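Reading through the structure tokens given below for one structure.
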Amino acid sequence: MTSGKRSTGSNWLADLASDAGLERSSIVVGRLDVPEAWHNLNPNRSTYPASMIKTPLVAACLLEIAAGRFSLNDRVMIVETNMTANDSDSPLVPGYEATVDELMRLAIDRSDNVATNQLFDLVGRERATALARGLGLEHTRFSRKVSGSEPLIHDPEWDGSERNAHPAGDAALLFAKIDADGFAGAAVLRGYLWAQVWNDKLSLGLSAGDGFAHKTGDTDEVTHDGGILSTPDGKRYVLVAYAEMPSNEGNNAAFGRFMRALRPQL
């Protein structure tokens, strides 16, 4: 990052976030080929990850595929107990047999909650947590299935003690590993991220020729975006921004303002 006087410390990131309207934020920005050019603002803050948890869940699933425990083409029957609301209509209905590839793709590119809950059952939350820790995601934890609305989905395996965890620092590390083909199946996951259909946050502030392979997260308490930024001059960056504010059109627009202010500094 060539940010001149603002290249050290976290205050400049805090200033950009505040000016953009991102509240109680966690941010990581890093050029992938320059390890010393990484900048953090509250990277391990225990903000609820919302749908950002789906990226490490799919990574865990891909590791299980590489280990031979199941395959991309294996079929999984959708069950009624995993049904919940989505931001757009889910193509998954009880009784439908989806391939594992379809479940993973839908969990990422459409952030499908039903697909995600089926992956919880397929991999197992304790197993997924162990696999994430094996990737160095020390603060990531899979505790509860996801819900698209109140009331929360019935989840008898949840003991009620903890929520899912995947802070911005872990998200940034995972995106870096995805970019570097740092684990089996990373290229598959990268393809899902490139196909993202929700582009109403950081994508709003991209410059001409930029590419952004990313994942978003939304609830009525938090709004997040993060992924791998490619610029026309061939540089690549990890960029993750979490904010503890409700996800709505006005708040999500703050991510675009943040990106527009950040982009000249890259």
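The values are calculated or read from the model by the stated rules, or taken from the named source; none is laboratory data. Fair warning: this is a prediction, and the values are worked out from it, not measured in the lab. Using ideal geometry, Cβ is built from the backbone for each residue, glycine included, and neighbour counts are taken over all protein chains shown. The area values use the complete protein model at the heavy-atom level, side chains included, leaving out ligands, DNA and RNA. Shrake-Rupley method; radii C 1.70, N 1.55, O 1.52, S 1.80 Å.
Somewhere in the range 234-242, is a residue part of a helix (DSSP H, G or I), farther than 21 Å from A115 by Cα, touching a Ser or Thr at 6+ places or on another chain (Cβ under 6 Å) and open to solvent by 30 Å² or more (accessible area, probe 1.4 Å)?
No, every residue in the range 234-242 fails to be part of a helix (DSSP H, G or I), farther than 21 Å from A115 by Cα, touching a Ser or Thr at 6+ places or on another chain (Cβ under 6 Å) and open to solvent by 30 Å² or more (accessible area, probe 1.4 Å).
Quick one: would you say N40 is among the polar types (S, T, N, Q) and either under 17 Å from V146 (Cα atoms) or free of Cβ contacts under 8 Å to residues at least 60 places away in the same chain (or both)?
When the stated conditions are applied, N40 does not pass them.
Test each condition in (1) part of a loop (DSSP other than H, G, I, E, B); (2) open to solvent by 20 Å² or more (accessible area, probe 1.4 Å); (3) more than 29 Å from R260 (Cα to Cα) for D155 and report the one that comes out false.
(2)
Can you go through L193, L229 and tell me which one is assigned to a strand (DSSP E or B), at pLDDT 95 or above and buried (at least 17 other Cβ atoms within 10 Å of the Cβ)?
Working: L193 fails: assigned to a strand (DSSP E or B).
So the residue among L193, L229 that is assigned to a strand (DSSP E or B), at pLDDT 95 or above and buried (at least 17 other Cβ atoms within 10 Å of the Cβ) is L229.
Six or more apart or on different chains, Cβ atoms under 7 Å: show the pairs whose first residue is in the range 212-229 and under 12 Å from A241 (Cβ atoms) and whose second is open to solvent by less than 10 Å² (accessible area, probe 1.4 Å) and among the acidic types (D, E).
The qualifying pairs are H214/D225; T216/D225.
Filtering the range 104-133 down to residues that are free of Cβ contacts under 8 Å to residues at least 40 places away in the same chain and among the small types (G, A, S), which residue is farthest from G148 (Cα to Cα)?
A130
Would you be able to tell me the number of residues in the range 72-84 that are part of a loop (DSSP other than H, G, I, E, B) and either of a type in the set (V, I, T) or open to solvent by less than 40 Å² (accessible area, probe 1.4 Å) (or both)?
Going through the range 72-84 one residue at a time, the tally reaches 3.
Select from the range 47-71 the residues that are among the small types (G, A, S) and surrounded by 13 or more Cβ atoms within 10 Å (Cβ to Cβ) and list them in ascending order.
A50, S51, A59, A60
Hey, among N44, N40, which residue is assigned to a strand (DSSP E or B), more than 30 Å from T99 (Cα to Cα) and open to solvent by 10 Å² or more (accessible area, probe 1.4 Å)?
N40
Residues L103, L131: which one is at pLDDT 95 or above, surrounded by 20 or more Cβ atoms within 10 Å (Cβ to Cβ) and either in contact with a strand residue (DSSP E or B) (Cβ under 7 Å, 6 or more places away or on another chain) or not hydrophobic (A, V, I, L, M, F, W, C) (or both)?
L103
In the range 206-250, what count of residues is obtained for those that are small (G, A, S), under 14 Å from A50 (Cα atoms) and in contact with a Lys or Arg (Cβ under 7 Å, 6 or more places away or on another chain)?
Step one: list which residues in the range 206-250 are small (G, A, S), which gives 207-209, 211, 213, 217, 226-227, 230, 234, 241, 243, 247, 250.
In the following step, the residues that additionally are under 14 Å from A50 (Cα atoms) were identified as 217, 226, 241, 243, 247.
Filter once more, keeping what is in contact with a Lys or Arg (Cβ under 7 Å, 6 or more places away or on another chain): 226, 243.
Selection size over the range 206-250: 2.
If a residue must be of a type in the set (K, R) and part of a helix (DSSP H, G or I), how many such residues does the range 85-121 contain?
Here the count works out to 1.
Output yes when any residue across the range 137-147 is part of a loop (DSSP other than H, G, I, E, B), polar (S, T, N, Q), touching an Asp or Glu at 6+ places or on another chain (Cβ under 7 Å) and surrounded by fewer than 22 Cβ atoms within 10 Å (Cβ to Cβ), and no when none is.
Yes, there is a match, as at least one residue in the range 137-147 is part of a loop (DSSP other than H, G, I, E, B), polar (S, T, N, Q), touching an Asp or Glu at 6+ places or on another chain (Cβ under 7 Å) and surrounded by fewer than 22 Cβ atoms within 10 Å (Cβ to Cβ).
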